[in-house]
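Before any comments, here is the structure.
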Amino acid sequence: MAHPFDGLGRVAVHISRKSRLRIVGITISNSSLSSGVEGTFAPGPSPCPPLLVPRGRRAALARQQPVLVAGEEGGVSGVKGVFDVKVVPLKIPEDSKSVLDAAAAGVHYSALRLDELNIQGSMSAEEQPTTSGLENGHQEPFVIGVAGGASSGKTTVCKMIIDQLRDQRVVVVTQESFYYGLTDQELIHVHDYNFDHPDAFDTELLLSCMKNLKRGKAVDIPNYNFKTYKSVPNARKVNPSDVIILEGILVFHDSRLRDLMNMKIFVDTDADVRLTRRIRRDTIEKGRDIKTVLDQYSKFVKPAFEDFILPTKKYADIIIPRGGDNDVAIDLIVQHIRTKLGQHDLCKVHPNLYVIQTTYQIRGMHTIIRDAATATHDFIFYADRLIRLVVEHGLGHLPFQEKQVITPTGSVYTGVEFSKRLCGISVIRSGESMENALRACCKGIKIGKILIHREGDNGQQLIYQNLPKDIANRHVLLLDPILGTGNSAVQAISLLLKKGVQEANIIFLNLISAPQGVHVVSKRFPRVKIVTSEIEFGLNDDFRVIPGMGEFGDRYFGTDDYQSSTPLFCDDKNRVR
Ligand SMILES: Nc1ncnc2c1ncn2[C@@H]1O[C@H](COP(=O)(O)OP(=O)(O)O)[C@@H](O)[C@H]1O
Ligand SMILES: Nc1ccn([C@@H]2O[C@H](COP(=O)(O)O)[C@@H](O)[C@H]2O)c(=O)n1
Ligand SMILES: [Mg+2]
C-alpha cells in the first residue's frame, strides 16, 4: 500500500541564528495532499532530520518525529529559501502516532507561517492556514438571535440568559450598534427619520461581523450614540466566544443573518406594555419629551412593528410571552444551550483537565488581569489571588490518607493527611510568579526550576534545569500561568519523566489554557492532570493565546514597557554576542 506521505515536495527552510536548519513549510506536490509543518532540526548532510507530515493536515512538529525529508538541506547556506525535496516514508514509532491521531481528529497544531514561504500559490485558499478558533480545534460558537418589538424585553432576556450561563463565554452583539449615523441634513429632520425600518441599519457590516465571529475571529464593531445619532466605527472589540447572542428588533429580517443562527427567540410582549416601557425609557434614559416619543411611535414604531418585525415572528424557534418575566422559558432555553455546548465540552474529551468552578469573583479578577490597561500592581494583586485558587484546587488532587486527631474538647476528629513528598517546578520566568502562592499553601515546599527557550514561533529548547535530587519520588506541581501551544509544557513534562517522575504524579497548574495546548499535553501525557481557571478561545497567528492576557511574565514582573530586543546569546565567558 502506498504510504500516505510518499512523494515529491517543496520545503522552505531557513538557517536560524543558532545554525539550525528550520523547516518552515512543506507542500507535497504529487497528490492533492498539501501540508505544512514547522520544526527546528539539526543541520548537516544526509541522513537529514526527520519530518512528519500528517495526511491532509498542517501540523506543528516535535523535533523527534519521523519521515525523512531527503534533499539538499545539507548544502543550504542562505538564510531562507525554497527547495525541492523528496519525502520518503519511515516507520512511525508509537510515540508519534498520537500526533497523527490528533491531526486526524481535527486538532490544528498551529505552526506553519505561510508569510515566510514562497509556496502560497500552490495552496488553495481553503488549505492556507488561519488560526481561527475553529481550525484550532475549537467548536463553532452557538449563535442565538433574539428579536421582538422595541422595549419588548430583548435586552432583559439576554441578560437573564447570560446570567445563567455564567460558566460559558457569552458575547452579545446588538443590532443597535449597526445603526447608520445621521448626516447633518438628516439630523435637521430627525423627527422624519425612521429608525425602525430595515434600511436604518448597516446590515452588510453586521453580517460580516457575525460571519467572522461565527468563524471564531475577533471583530471590531461600531458604537452608536442615541443622543447624537452618530456612529463611531470600530469602537468595540468583540472576541469570539462559545455563545454569541445577536439581539435587535430586526435581526430575523435578513435571511443571511437568520441562517447564521442556531436558535431564534422572539420576545412577544403586548403593545401597550411595550409603549409604556418605551415612554419611560426614552424620557428618562434618552432625555426625550413625551410628545416626541408618542409621535415617533405612531408614525414609525407601530407601523414598522406590523410591517417588518411581527412578520419575522414565524422564523422563531421559541416565542417567549412576557419576556423576562417568563423564568420557565429562560430556564428551558439555557438548558438547551448547555446540552448543545456540552457535547463538545473539553473536560469531557479530556478527563485529566480540571477547570475550577467559576464565580463572578473569578470572572471579575480575570477581567482585571486581562485588561491591557490594568496597572502592574493590580495585575500582580489579582493574578496572585487567582493563582492561589488554582494552587489550592491543584492540591486537592494530591493523594491523602485518613488521619485521626484529638480536638481540644477531647473528641476524635477523623480527617485526612496529604502526601508530604511534594515539590513545585516553575517554568522560568512566568511560572516563578506562582511560587509564592505554592509556598503560602505548602510550608517549606521544595521548588525547582526549568528554563525553556522559545526559538522562533514553535521550536522549544530546554536551556536550564534545577530540580530536587529525589524528584522521582515526589508529586510534582508544575507551574506555568499560560498553556498555549503546549510545546513548553511537553518539554517540561518530558524532562520530569526522564528524571523518573511518575506521569500520574504530575499536576500542571496554570491560569489559562488554550484548547490546543490541552489537546497536545493530554494526548501525549494523558495521566498528567491539568488544573486551570479558564479555557481560552484559541491561538492567534503568532501562537499567542486569545483572548489571553499578554506576556504574563512582563506584566507580572513589570517589564512590559521595556523595549523588546532580539535574543542575546552569550559565549562561554558570558560575554554577549
Ligand atoms: N419583565 C419586565 N418587567 C418590568 N420591566 C421590564 C421587564 N422587561 C424589561 N423591562 C424594562 O423595560 C425596558 C425595556 O426593556 P429591554 O429589555 O431594554 O427591551 P428591548 O431590549 O426589547 O428594547 C427596560 O427599561 C427594562 O428595564
Ligand atoms: N437614534 C435612535 C435609534 C433607535 N431608536 C429606537 O430604538 C428602538 C430599538 O431599540 P430597542 O432596544 O428597543 O430594540 C427602535 O424602536 C427605534 O425607534 C431611537 O428611538 N432613536
Ligand atoms: Mg435592547
Taking segment 123-176 only, how many residues are at pLDDT 50 or above, open to solvent by 50 Å² or more (accessible area, probe 1.4 Å) and more than 10 Å from ligand 1 (Cβ to nearest atom)?
7
Assess whether residue 401 counts as being within 24 Å of residue 488 (Cα to Cα) and in a strand (DSSP E or B).
no
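Among the residues of segment 204-226, which ones are more than 16 Å from ligand 1 (Cβ to nearest atom) and open to solvent by 30 Å² or more (accessible area, probe 1.4 Å)? Quick ask: steps written out before the conclusion?
In the first step, residues of segment 204-226 are kept if they are more than 16 Å from ligand 1 (Cβ to nearest atom); the result is 204-223, 225.
Matches in segment 204-226: 204, 205, 208, 211, 212, 215, 217, 218, 220, 223, 225.
Rundown of residues vs (1) among the β-branched types (Val, Ile, Thr); (2) touching a residue at least 12 places away in the same chain (Cβ under 8 Å); (3) in contact with a helix residue (DSSP H, G or I) (Cβ under 6 Å, 6 or more places away or on another chain), yes/no style:
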site	(1), (2), (3)
253	no, yes, yes
256	no, yes, yes
260	no, yes, yes
265	yes, yes, no
269	yes, yes, yes
274	no, yes, no
278	no, yes, no
289	no, no, no
292	yes, yes, no
Name the residues in segment 231-261 that are hydrophobic (A, V, I, L, M, F, W, C), closer than 23 Å to residue 187 by Cβ and in a loop (DSSP other than H, G, I, E, B), would you?
249, 250
Output for segment 306-333, where each listed residue is open to solvent by 50 Å² or more (accessible area, probe 1.4 Å), in a loop (DSSP other than H, G, I, E, B) and not charged (D, E, K, R):
none
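Could you say whether any residue in segment 267-275 is more than 14 Å from ligand 1 (Cβ to nearest atom) and either outside any helix (DSSP H, G or I) or farther than 14 Å from residue 176 by Cα (or both)? I'd like the intermediate steps shown before the answer.
As a first pass, look at segment 267-275 and keep what is more than 14 Å from ligand 1 (Cβ to nearest atom): none.
No, segment 267-275 contains no residue that is more than 14 Å from ligand 1 (Cβ to nearest atom) and either outside any helix (DSSP H, G or I) or farther than 14 Å from residue 176 by Cα (or both).
Looking at 506, 493, 482 in this structure, which one is open to solvent by 10 Å² or more (accessible area, probe 1.4 Å), touching a residue at least 24 places away in the same chain (Cβ under 8 Å) and either of a type in the set (A, V, I, L, M, F, W, C) or farther than 21 Å from residue 389 by Cβ (or both)?
Details: 506 fails: open to solvent by 10 Å² or more (accessible area, probe 1.4 Å); 493 fails: open to solvent by 10 Å² or more (accessible area, probe 1.4 Å).
Exactly one of 506, 493, 482 is open to solvent by 10 Å² or more (accessible area, probe 1.4 Å), touching a residue at least 24 places away in the same chain (Cβ under 8 Å) and either of a type in the set (A, V, I, L, M, F, W, C) or farther than 21 Å from residue 389 by Cβ (or both), namely 482.
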Scan segment 454-461 and tell me whether some residue there is at pLDDT 95 or above and out of contact with any strand residue (DSSP E or B) (no Cβ under 6 Å at 6 or more places or on another chain).
no
Is it the case, given these coordinates, that residue 228 is within 16 Å of ligand 2 (Cβ to nearest atom), more than 23 Å from the chain's Cα centre (by Cα) and in a helix (DSSP H, G or I)?
no
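The values are calculated or read from the model by the stated rules, or taken from the named source; none is laboratory data. Quantities reported herein were computed from a predicted structural model and do not represent experimental measurements. Don't worry about glycine lacking a Cβ; one is built from the backbone with ideal geometry, like all the others, and counts go over all protein chains shown. Calculation scope for accessible area: heavy atoms of the full protein, side chains included, ligands and nucleic acids excluded. Shrake-Rupley method; radii C 1.70, N 1.55, O 1.52, S 1.80 Å.
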